[in-house]
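Single-structure report; data block below.
The values are calculated or read from the model by the stated rules, or taken from the named source; none is laboratory data. Quick caveat: nothing in here was measured; it's all calculated off a predicted structure. Note: ideal-geometry Cβ built from the backbone for every residue, glycine included; neighbour counts use all protein chains shown. Side chains are part of the model used for accessible areas, which takes the heavy atoms of the whole protein and leaves out ligands, DNA and RNA. Shrake-Rupley method; radii C 1.70, N 1.55, O 1.52, S 1.80 Å.
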Amino acid sequence: MDAGHRRPARTPDLAVVAAGRFSEALERLERARGALYEFHQLVGRADALLDEVVEALDRLGQDRLAAEVRDELIGRNVLRGRWTYQIVEEFDDGYYTVFRALEGRAREELVAGRRHVYEAEMKERRRSPGLPGHEALPLDGGEDRGSGEDAGSGQGGTREDDTGQGGG
């Protein structure tokens, strides 16, 4: 295991689990943020397509319906006083910023700022040293640079099925 993923000395299992869970929560929040940005883009494109709808309605002589779409729907707020860009900005500047900052602070205090300590230890527990595809680190000169003997801290460790956190 490389030093950047090794558990700091005297770090208890629960600290590694807590930091890992917080990082997993952040990863899920990142996915939610991506969905929010997708929502922003989908709604924006839907609104832009309404220009073509109004044009077609005008050409069909559907003046009243075209005017209603133009006046009531195009450019309408999706939430009170907000377009989607404002929702995205408020989310980014509020909840998301605080979440990321606290995750970083927790990781710093619990595992000296190291990322994926839990997963690195899981990898060491689950891999079969010496077998192809089970190398500890990326291959350098075709050798397995990890021995498997340095896995974890010797303090045991929380098993995958105890926490439900998967590998990868």
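Overview of values
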| quantity | calculated |
| --- | --- |
| Flag for Gly61 being free of Cβ contacts under 8 Å to residues at least 40 places away in the same chain, closer than 21 Å to Phe91 by Cα and open to solvent by less than 60 Å² (accessible area, probe 1.4 Å) | no |
| Matching residues in region 86-101 - criterion: being open to solvent by less than 100 Å² (accessible area, probe 1.4 Å) and in contact (Cβ under 8 Å) with a residue 12 or more places away in the chain | Ile87, Val88, Phe91, Asp92, Tyr96, Phe99 |
| Qualifying helices (runs of 4 or more DSSP H) (wholly inside region 1-96; at least 1 residues being of a type in the set (Lys, Arg)) | 13-59, 63-72 |
| Checking Arg126 against (1) open to solvent by less than 40 Å² (accessible area, probe 1.4 Å); (2) in contact with a Gly (Cβ under 8 Å, 6 or more places away or on another chain), the condition it does not meet | (1) |
